[in-house]
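Okay, so here's the structure we're looking at.
The values are calculated or read from the model by the stated rules, or taken from the named source; none is laboratory data. Bear in mind the structure is a predicted one, so any value in this text is a computation, not a measurement. Here the Cβ positions follow ideal geometry from the backbone for every residue, glycine too, while neighbour counts run over all protein chains shown.
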Amino acid sequence: MSKFKNQVHKEDLEEVSFLKKITTSHFNYWFGYVSNLSIVVFLCTRAFSGFTSLLTWFEWLYIPVAGLLLWTLVEYVMHKYAYHVIKGPAERGHMMHHDRPYDLMGVPWYVTLIIYVGVYYGLSYLLSPPHLAVYMAFIWLGYIGYCIVHHAIHHWKFNNKLFKKLKRHHYIHHARDNKNIGIVTTLWDHIFGTIEKS
Ligand SMILES: [Zn+2]
Ligand SMILES: [Zn+2]
């Protein structure tokens, strides 16, 4: 019996079938990339007044790096807690991925769009909007990178050493879901002691 069937109780099946409908459409999966890239472009435009950048060149250097780095930690924390510990739609959706790793499924694109842009507008009352926008744009670029790497791990074959390492790392996670939580990097698994080497 699959792991999925073990983890989902009967009373949850209705919610799962609803979740399945909205998360497994191919349109949702592929249009997610269009929507997510649009978020990145939209946020970057917030850093300009006309054609004039509101950030210095140095800020354009370190804020994107900081955003990408923060993504790797967000990815670890979200995967560990929102997908595996806290019971709810995100956890159930992720269990569907663990059960059928080759299926194309993703969070509904409009949910991420509304939440992320909403968070930007909320935080822009507290922080400098152009700096926040670039920071959040590159966090989101990290998210897109994660989507591509995770897709590649389950669907593509490359002879690249790093790619093979990430693939082995993630396949171990599919077998033992409290290990190897990171997808795009093994860094946080080393730091938090959840690494399991093949
Ligand atoms: Zn996976
Ligand atoms: Zn997982």
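Listing for the model above:
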{"item": "Residue match in region 51-58 (condition: closer than 30 Å to Thr24 by Cα, in a helix (DSSP H, G or I) and either at pLDDT 95 or above or within 16 Å of ligand 2 (Cβ to nearest atom) (or both))", "result": "no"}
{"item": "Members of region 128-170 that are hydroxyl-bearing (Ser, Thr, Tyr) and over 13 Å from the mean Cα position of the chain (by Cα)", "result": "Ser128, Tyr135"}
{"item": "Boolean, Met95 is within 12 Å of ligand 2 (Cβ to nearest atom) and modelled with pLDDT of 95 or more", "result": "no"}
{"item": "Extreme residue, nearest to ligand 1 (Cβ to nearest atom), among residues of region 154-174 that are aliphatic (A, V, I, L, M) and surrounded by fewer than 19 Cβ atoms within 10 Å (Cβ to Cβ)", "result": "Ile172"}
{"item": "Whichever residue in region 67-110 is surrounded by fewer than 19 Cβ atoms within 10 Å (Cβ to Cβ), of a type in the set (Phe, Trp, Tyr) and part of a helix (DSSP H, G or I) and, among such residues, is farthest from ligand 1 (Cβ to nearest atom)", "result": "Tyr110"}
{"item": "Pairs, first closer than 20 Å to Ile191 by Cα in region 63-91, second modelled with pLDDT of 95 or more and of a type in the set (S, T, N, Q), C-beta under 6 Å, six or more apart", "result": "Thr72/Thr185"}
{"item": "Selection count, region 175-189, where residues are touching a Gly at 6+ places or on another chain (Cβ under 9 Å) and more than 13 Å from ligand 1 (Cβ to nearest atom)", "result": "2"}
{"item": "Selected residue [crowded, with 16+ Cβ neighbours inside 10 Å, away from ligand 1 (no atom under 16 Å from the Cβ) and either basic (Lys, Arg) or not in a helix (DSSP H, G or I) (or both)] from Ile195, Ile144", "result": "Ile195"}
{"item": "Val184, sole failed condition from (1) outside any loop (DSSP other than H, G, I, E, B); (2) in contact (Cβ under 8 Å) with a residue 24 or more places away in the chain; (3) of a type in the set (Val, Ile, Thr)", "result": "(1)"}
{"item": "Only one of Phe31, Phe58, Phe27 that is in contact (Cβ under 8 Å) with a residue 40 or more places away in the chain, over 22 Å from His170 (Cβ atoms) and more than 16 Å from ligand 1 (Cβ to nearest atom)", "result": "Phe31"}
{"item": "Region 27-41, residues that are surrounded by fewer than 15 Cβ atoms within 10 Å (Cβ to Cβ) and modelled with pLDDT of 95 or more", "result": "Val34, Leu37, Ser38, Val41"}
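So that you can scan it fast, the table gives a plain yes or no per residue for (1) more than 16 Å from ligand 2 (Cβ to nearest atom); (2) modelled with pLDDT of 95 or more; (3) of a type outside the set (A, V, I, L, M, F, W, C):
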| position | (1), (2), (3) |
| --- | --- |
| Gly122 | yes, yes, yes |
| Ser128 | yes, yes, yes |
| Phe138 | yes, yes, no |
| His154 | no, yes, yes |
| Lys157 | yes, no, yes |
| Arg168 | no, yes, yes |
| Lys179 | no, yes, yes |
| Trp188 | no, yes, no |
| Lys197 | yes, no, yes |
